[in-house]
Amino acid sequence: MEKNTQNRLNNTISILGDLVAFSVLGGESNLSIAEYISTTLQNNNIDYHQVFNSSEDKVSIHCRIGPEVDGGIILSGHMDVVPTKGQQWSKPDFKLTQEDHKLYARGTSDMKGFLACCLAMVPHLKESKLKKPIYLAFSYDEEVGCLASEQLVSSIKSAYKEQPSFAVIGEPSLMQTVNGEKGAAFFKTTVYSSAAHSSEVRKSISAIEEATYLIQWLLGKMDDFIEQQDFDNRFDPPYSTIHVGTINGGSAVNIIADQCEFAWDVRNIPSDCIQEILDCFERFCEKKTAEKQEKVPNFKIKTSKQFSIVPSLDTSENSEIVRMVNSFNGNESTSAVSFASEAGFFSKAGFETVVCGPGSMDQGHRADEFIETNELKKCLSFLERLSDWAKTGNEANMNYEKI
Ligand SMILES: [Zn+2]
């Protein structure tokens, strides 16, 4: 390995060690890790933007490296990680351990490995005479529903005079080009009724019983997708899914429940619309409510959205970003994944977007999460190719293979 490349890899591993030591979970204040990243940018004389939440204990960061011209590329990742509590770790969870070409700690794959590669490239990008800008964008609270994404994307759109064209979200994909993702939305439905003694079961209406009918409706809706062969075979499973994750209700075995609440999610293939599924469910709930109010006037069903709907990702095989990322990595094809990420928000905002990052989701969120050193090496060489592209400018008929 060239000395420069080895130095950059060592530097990346050292930055990764720093990043994993910030045990910032989704939902928690991320000011500590954000300050570390801001300091790196400051040390390289790069101006950056901060996008705070309303209580100012969480912040996203974005910056431009290179000229104020259209057509640049955004590299984006999230700073938060999922908890390790309750998992059986044989290695320290928030301290980097290197063993046999593997680097262990929470977040190494998802997705501080990518962040470390980006930060290690900053001095090189800053020194290079870029003709196209490269933007870095780091968010918080991705793991609890992509809470910062919408605000981050709209801040990027308004902060710069020029408009970036592309976005690469560095979620772990073993550096494969992911151009399709299911969308996701999370809901909570509460059924309100009137309590009574359980001996009078037909005089009142059990909120639990009604909740079970609503759940059956949702599961039936998923069966309809399967029956109608509403499939997109890039995904596994190839249809939109609906799943009920929690249910709570009732106070005692001999009391007719006056309240029951369940949380459910929809993960849609790009051709299905979450809002339509929700509207259809709401119509069923309205019909039920009208019927039940004849017996129990205060009977009510309320469904609320938990966080924003995470849009699906469906970037064309023929798009420029797919061609670029494939050629930078020597990939010949694309793939799709069934989980949602921030990529959908970038795509919805008009940037040609793919997911491509080091490490594997097989390791993310699990005990003894790790990333292979080779994945970091692959990501660094991807970023080097990308900076070569930015140095030459994005000529219309450029032959990427020749870079
Ligand atoms: Zn992630």
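Any read-out appearing in this document is the output of simple, stated calculations on the displayed coordinates, not a laboratory observation. Note that this is a predicted model, so its numbers are computed, not measured. When we count neighbours, we look across all protein chains shown, and the Cβ atoms used for this are built from the backbone with ideal geometry, even at glycine.
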Distance-filtered residues of the range 121-135 - backbone nitrogen under 17 Å, label point 7 angstrom along A159 Cα→Cβ: 122, 126, 133-135
Rounded FRET efficiency, nearest 0.05, which uses the C-beta distance separating S316 from S128 and R0 of 45 Å: 0.95
In range of the label at Q216: residues from the range 251-294 whose backbone nitrogen is under 16 Å from the point 7 Å along Cα→Cβ: 284-285, 288-289, 292
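Based on the mean of other beta carbon atoms within 10 Å per residue, what is the order of 260-266, 94-100, most packed first?
260-266, 94-100
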Protection-proxy order for peptides 352-364, 64-76, 284-296, 31-43, each taking the mean of Cβ atoms within 10 Å per residue, highest first: 352-364, 64-76, 31-43, 284-296
Order of I321, I215 under a 10 Å beta carbon neighbour criterion, fewest first: I215, I321
4 °C / 1.567 mPa s Stokes-Einstein diffusion coefficient of the range 184-310, Kirkwood radius on C-alpha pairs, µm²/s: 83 µm²/s
Over 28 Å (Cα to Cα) - which of K131/K157; K3/K161; K188/K287 fall in this group: K3/K161
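Say R0 is 30 Å: what FRET efficiency, to the nearest 0.05, do N44 and V69 get from their beta-carbon distance?
0.90
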Helix 207-227 vs. the chain, principal-axis angle (Cα, 0 to 90°, nearest 10): 50 degrees
³J(HN,Hα), Karplus 6.51/-1.76/1.60, whole Hz, each residue of the range 81-92, x for Gly, Pro: 10, 8, x, 10, 4, x, 9, 8, 8, 9, 10, x
Cβ-defined net charge surrounding A185, 14 Å radius [Lys, Arg +1; Asp, Glu -1]: -1
Between helix 320-329 and the chain: long-axis angle, C-alpha atoms, 0 to 90°, nearest 10: 60 degrees
Within the range 189-225, backbone nitrogen closer than 20 Å to the virtual label 7 Å beyond the Cα of I255 toward Cβ: 190-212
11 Å beta-carbon shell around L31, net charge (K/R +1, D/E -1): -3
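Please give the peptides 101-114, 322-335 ranked by average Cβ packing (other Cβ atoms within 10 Å per residue), highest first, as a rough proxy for protection.
The densest-packed peptide leads the list: 101-114, 322-335.
How much FRET efficiency would the formula 1/(1 + (r/R0)^6) give for R202 and F307, where r is the Cβ-Cβ distance and R0 is 35 Å, rounded to 0.05? Write down the numbers at each step before the final one.
Numbers: r = 39 Å, r/R0 = 1.11.
Between R202 and F307 the formula returns 0.35.
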Environment charge of E294, counting only residues whose C-beta is closer than 15 Å and scoring Lys/Arg +1, Asp/Glu -1: +4
Calculated [θ] (222 nm, deg cm²/dmol) that DSSP helices of n ≥ 4 give over the chain, each run adding -39,500 (n - 2.57): -11000 deg cm²/dmol
Lys/Arg +1, Asp/Glu -1 at C-beta; the range 81-197 dipole; positive extreme among V178, T97, S128: S128
The chain: angle of helix 274-293 to the longest principal axis, Cα-based, in degrees nearest 10: 20 degrees
The range 265-341: C-alpha pair distances exceeding 17 Å, %: 64 percent
Phi to ³J(HN,Hα) by Karplus 6.51 cos²θ - 1.76 cosθ + 1.60 over the range 355-363, Hz, x for Gly, Pro: 9, 7, x, x, x, 10, 5, 5, 9
The chain: radius of gyration and largest Cα-Cα distance (Dmax), Å: 23.9, 81
